[in-house]
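Participant: There's a structure below that I have some questions on.
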Amino acid sequence: MAEPVTSTITMMDPAGLQAIGAGLAVGLTGLASGIAEKEIGTAAIGAMAENEGLFGKGLILTVIPETIVIFGLVVALLIS
Amino acid sequence: MLKPKQMTRAVIVGHKNILEETVDALHKANLFQIEDYIEDDSELKIGKPFGNISEISKKLIKIRSIGSLLGVEDVAAQRQDSSKILTDLDDRLNQLDAEVNAVSEKKTELEAELKETESLKKELIPFTNIDLDLDLYHGYEKLAVFSGYVQENVEPAISGITSSYKLYFDPKNSVIVLFVPKEKSEEVSDALAKALFKELRVPDVSGVPSSIIADLEKKEANIVNKIESTDAEIEELNVKYADFILASNELLSIETEKSEAPLRIATTESTFVIDGWIPTEHYDDLQITVNTATNGRAFVSSQEMTSEDEKKVPIEYDNPKVSSPFEEIMDLYARPRYKEIDPTTLIFISFPLFYGMILGDIGYALILLALAFGIKKFVTSDAIKPLMNILIYCQISTLIFGILYGEFLGFPLASIHTDHGVEAGLIAGFETIDLFASPIGGEMFTFPVHRTHLVMTLIVLTALIGVIHINIGYILGFINENKKHGFSAALFEKGSWIVVELGILLIALGYVGMLPIAAGVLVFLIGFVMLVKGEGIKGPIELPALLSNSLSYTRIIAVGLSSIYIASTVNLIAFEMIWEPGTAIGGMTIFAIVVFLFGHALNTVLSIIAPGLHALRLQYVEFFGKFYEGGGRKYDPFGYIRKYTEEK
């Protein structure tokens, strides 16, 4: 006679999945911000080389994609 | 306070023979911004510079080049009497020029000599391992000499051609020196070509290379010594003449500026017209100044400001001294336009507020406060001071929020009650006080506010702060628009957003069953239609920004938490992983202290950058986006603030 299979054997630990989810949320959005900031940052430095007065504008433009990773961080906080 | 200074357009007219006195008085007053005259078809022509401008600018160039050669820096120096400097300027300048020239020529000569020695040394280096006098390399009738690099040992190939040869080979550098009879030289050279022979020029000196190099090195050290002593002489000159150079540079700059002033002024055969701007409050001073300088012979009059003028009025901030450091932050973005609200005072409140909410740590606040006061005391630069003042305001706010949050360098000051029991805080016996249950996430609102245990509530709270901040922006936008394009434009462009928000709020209330949902939808639709009318298709496209902008304020808690986590990780590594408090003090204690100091030093630097940038961004992107245009021209009066000289 075979033993009845209990369902818990195939279940994953929900806390672990939560942690993975939170990690993905921060990690992927961090990558996305990084890619966006890379492009803006190079352009901003190029512009600054021509006109130093553009520092403020360049700085602001470079920080704008930072929102993506902040949202990721908030989502991670909500999950965990 | 919320407006830039009132400006008046003034015109000064007079006879040409009092132009110099007028310009002199204006320059001294440092209040009037001259509007450059651009020549057109009218009778008016640009004036001619006063006096011997080319002579003055020649001297100015000389003094500036001497200054940069000596490395004279802008430092606080004692003020000097300008008339005394002017009387013996020429003599002292010539003397200084001669002295500086002598020293700099000496230095150039020495440097050239050094370069020569170095290149000779470089040429000699391949021959060092071949112990032959360099005189032996040339002057033969029947012998051919080959010297150069080879890729392989050529001895077998040469011995195949002739038996009478003499070969010196240095395997380390792969250099050969080969003597063969002249008649065999062609065959030998073919053989050498197969070994990829690359000829070396023999330096034109005599003696054994290794001993020549030793001599050269001695000579080099000697020259370097001499260069150092000339540098010391230059430094001496710098110390001796810095005051004179700074003062005369200032004086000559003022003279040039004054003599060039007519190039910006409209003149006719016998009259001049100076057109420009002055803050309205100083208009009377201008009249008095010009009248006293010219005995009332020049005529000052104010002009009505036209709408064309409004676009090019120079802008001067009008803020109380407390909030004036934040003008730097405004300038970083753009100066306001003339009829626009100047939000400096609002930023004076909201920027330190957000910064403090993000950082909120007593320890970092005290460190950065000390740092800011220290820098302010020891660095006299004018550019640094407002920045340090901003930092001080921010740290005061951080200190207040630090007390509210009960945090010190990432340690909680009060105990924390969690599901797994009570964790003791830094201050023994300081118990967290439960205030009321937060409606969100079943969290308990406490004093001090433990940010790590109230995440959900604080996320919602910060988003609400965002909604309030954004709406202040819309209201300011409404006022701006009302001033510029009238009430209906303001209502449709900015008011519509408030109606839309109201609609969303009513829908939310309807959702929880307090109102019929249709009422909310109706208000929302009214707002939507107004928006389309006000901003066209762009309006509805920007609707989702309402959500993302308010959610953007959640960074206040998110960035704050990341700073806490970094700090508490440093504490954890230092005190729990490598050294247990209460155990004997040993090598691990020292290591723990190093980790602690280094970690918190790093986090202190991050504590300026991260909260600063994010608080700034909330102002620039979320807040300014709602109402601010900017693009005003800086008010830059004709004149000069003397630093090194004074007129007696």
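The values are calculated or read from the model by the stated rules, or taken from the named source; none is laboratory data. Just so we're clear, the structure is a prediction, and the values are computed from it rather than from any experiment. Reconstructed Cβ throughout: ideal geometry from the backbone, glycine too, with neighbour counts over all protein chains shown. The protein model used for the area step is the full one, side chains on, heavy atoms only, and it has no ligands, DNA or RNA in it. Shrake-Rupley method; radii C 1.70, N 1.55, O 1.52, S 1.80 Å.
Participant: Under 19 Å from the 7 Å Cα→Cβ point of B:Asp133, by amide nitrogen: which residues of segment B:214-228?
Facilitator: B:214-216
Participant: So for each of B:352-358, B:237-243 I average, over its residues, the number of other beta carbons within 10 Å; can you give me the resulting order with the highest mean first?
Facilitator: B:352-358, B:237-243
Participant: For segment B:325-626, what does the alpha-carbon gyration tensor say about shape, rounded, prolate or oblate, given a ≥ b ≥ c as the root eigenvalues, a/c under 1.5 as rounded, and a/b over b/c as prolate?
Facilitator: Since a/c reaches 1.5 but b/c is at least a/b, the shape of segment B:325-626 is classed as oblate.
Participant: Rounded to the nearest Å, what's the spacing between the alpha carbon centres of segment A:65-80 and segment B:216-233? Just the number, please.
Facilitator: 62 Å
Participant: Same structure again: Suppose R0 equals 30 Å; then what is the FRET efficiency for A:Ala19 and B:His417 from their Cβ-Cβ distance, rounded to the nearest 0.05?
Facilitator: Efficiency at R0 = 30 Å is approximately 0.80.
Participant: Now for a different question. What number, in percent, do you get for the relative contact order of chain B if the mean sequence gap of Cα pairs under 8 Å and at least 6 apart is divided by its residue count?
Facilitator: Relative contact order for chain B comes out at 22 percent.
Participant: For the protein assembly as shown, what mean projected area does the convex hull of the alpha carbons give, in nm²?
Facilitator: 62.7 nm²
Participant: With a Förster radius of 25 Å, plug the Cβ-Cβ distance of B:Ile38 and A:Glu50 into 1/(1 + (r/R0)^6) and report the FRET value to the nearest 0.05.
Facilitator: 0.45
Participant: B:Ala383 to B:Thr280: extension gain in nm, 0.36 nm per residue of separation minus the Cα-Cα distance?
Facilitator: Here the segment from B:Ala383 to B:Thr280 would lengthen by 34.3 nm.
Participant: Here is a further query. How much of the calculated P(r) for segment B:203-268 lies past 13 Å, in percent of all Cα pairs?
Facilitator: Taking all Cα-Cα pairs of segment B:203-268, the fraction more than 13 Å apart is 78 percent.
Participant: A further question on this structure: Using 29 Å as the Cα-Cα cut-off, could you pick out the over-long pairs in A:Lys57/B:Lys533; B:Lys339/B:Lys494; B:Lys16/B:Lys321; B:Lys339/B:Lys538; B:Lys5/B:Lys385?
Facilitator: Beyond 29 Å: A:Lys57/B:Lys533; B:Lys16/B:Lys321.
Participant: Any idea how far apart B:Ile475 and B:Glu99 come out in nm if each label point goes 7 Å out from Cα toward Cβ?
Facilitator: 6.6 nm
Participant: Separate question: Taking all protein chains together and a probe of 1.4 Å, list B:Leu192, B:Leu399 from the most accessible to the least accessible.
Facilitator: Result of the area sort, largest leading: B:Leu399, B:Leu192.
Participant: Let me ask something additional. Helix B:89-124: angle to the longest alpha-carbon principal axis of chain B, degrees 0 to 90, nearest 10?
Facilitator: Taking the Cα atoms of chain B, the angle to B:89-124 is about 60 degrees.
Participant: So what J values fall out for segment B:611-621 if you push phi through Karplus, 6.51 cos²θ - 1.76 cosθ + 1.60 with θ = phi - 60°, rounded to Hz, Gly and Pro as x?
Facilitator: x, x, 5, 6, 5, 5, 5, 4, 5, 5, 8
Participant: Can you tell me the relative contact order of segment A:14-79? Whole percent, Cα pairs under 8 Å, sequence separation 6 or more.
Facilitator: With pairs under 8 Å counted, the relative contact order is 52 percent.
Participant: From the phi angles alone, apply the Karplus equation (6.51, -1.76, 1.60; θ = phi - 60°) to segment B:35-42 and give each ³J(HN,Hα) in whole Hz, x where the residue is Gly or Pro.
Facilitator: 8, 4, 8, 10, 5, 10, 6, 6
Participant: Tell me, what is the per residue accessible area of the protein assembly as shown in Å², probe radius 1.4 Å?
Facilitator: 54 Å²
Participant: Which percent of the accessible area of chain B is formed by carbon and sulfur heavy atoms (probe 1.4 angstrom)?
Facilitator: C and S fraction of accessible area: 60 percent.
Participant: How long is the gain from B:Phe598 to B:Val145 if the chain were fully straight, where each residue apart is worth 0.36 nm and the alpha carbon distance is subtracted?
Facilitator: 156.5 nm
Participant: Hey, another quick one. Which sequence of B:Ser163, B:Ser323, B:Ser307, B:Ser302 reflects their accessible areas, 1.4 Å probe, from the largest down?
Facilitator: So the residues, ranked largest to smallest area, are B:Ser163, B:Ser307, B:Ser302, B:Ser323.
Participant: What is the distance, in nm, between label points placed 7 Å from the Cα along the Cα-to-Cβ direction at B:Lys339 and at B:Ile61?
Facilitator: 4.8 nm
Participant: Among rounded, prolate and oblate, which fits chain B when a ≥ b ≥ c are the square roots of the eigenvalues of its C-alpha gyration tensor, a/c under 1.5 means rounded, and a/b larger than b/c means prolate?
Facilitator: Oblate is the answer for chain B, as a/c is 1.5 or above yet b/c matches or exceeds a/b.
Participant: Quick query: amide H of B:Ile315 versus all other amide H atoms, modeled in the peptide plane; which residues come in under 5 Å with a sequence gap of 5 or more or a different chain?
Facilitator: B:Arg633, B:Lys634, B:Tyr635
Participant: Under a 5 Å amide H to amide H cut-off, with H placed in plane at 1.01 Å, what residues pair with B:Arg335 once short-range neighbours are removed?
Facilitator: Placed amide hydrogens put B:Gly631, B:Gly632 under 5 Å from B:Arg335.
Participant: Next up: Going by alpha carbons, how many degrees (0 to 90, nearest 10) lie between the helix axis of B:555-572 and the longest principal axis of chain B?
Facilitator: Between helix and principal axis, roughly 60 degrees.
Participant: So for the pair B:Leu86, B:Ser206, with labels modelled 7 Å out along Cα→Cβ, what separation do we get in nm?
Facilitator: Result: 6.7 nm between the two label points.
Participant: Helix by helix through chain A, keep the DSSP H runs that span 30 Å or more along the axis on Cα and average at least 0.5 on Kyte-Doolittle, and give those back in order.
Facilitator: Membrane-span-like by this rule: A:14-50.
Participant: In whole angstrom, how far apart do the alpha carbon centroids of segment A:21-47 and segment B:449-507 sit?
Facilitator: Using only Cα atoms to place each centre, the spacing works out to 28 Å.
Participant: List the relative contact order of segment B:419-547 as a percent without decimals, with contacts defined as Cα pairs under 8 Å and 6+ residues apart.
Facilitator: Across segment B:419-547, relative contact order equals 14 percent.
Participant: Can you list, largest first and rounded to whole Å, the semi-axes you get for segment A:14-79 by taking the square root of 5 times each eigenvalue of its Cα gyration tensor?
Facilitator: Calculated on Cα positions only, the semi-axes equal 33, 10, 5 Å.
Participant: In peptide B:607-619, how many Cβ atoms from other protein chains are near each Cβ within 10 Å, on average?
Facilitator: What the average comes to for B:607-619 is 2.
Participant: Heavy atoms only, 1.4 Å probe, whole protein assembly: order B:Ser248, B:Ser206 by accessible area, highest first.
Facilitator: B:Ser206, B:Ser248
Participant: Moving to a separate point now. Mind checking the mean number of beta-carbon atoms from other chains within 10 Å of the Cβ atoms in A:59-70?
Facilitator: The shielding value for this peptide is 5.
Participant: Using a Förster distance of 25 Å, how high is the FRET efficiency between B:Ser54 and B:Arg79, based on the Cβ-Cβ distance and rounded to 0.05?
Facilitator: 0.30
Participant: I've got another one for you. Students often check this: by mean Cβ neighbours within 10 Å, which of B:414-423, B:145-154 ranks highest, and how do the rest follow?
Facilitator: B:145-154, B:414-423
Participant: Here's a follow-up. Report, to the nearest 10°, how far helix B:517-535 tilts away from the longest principal axis of the Cα atoms in chain B, using its own Cα long axis and a range of 0 to 90°.
Facilitator: Long axis of B:517-535 versus the principal axis of chain B: about 50 degrees.
Participant: So if I take the centroid of the Cα atoms in segment B:251-274 and the same for segment B:571-619, what is the distance between those two points in Å?
Facilitator: 61 Å
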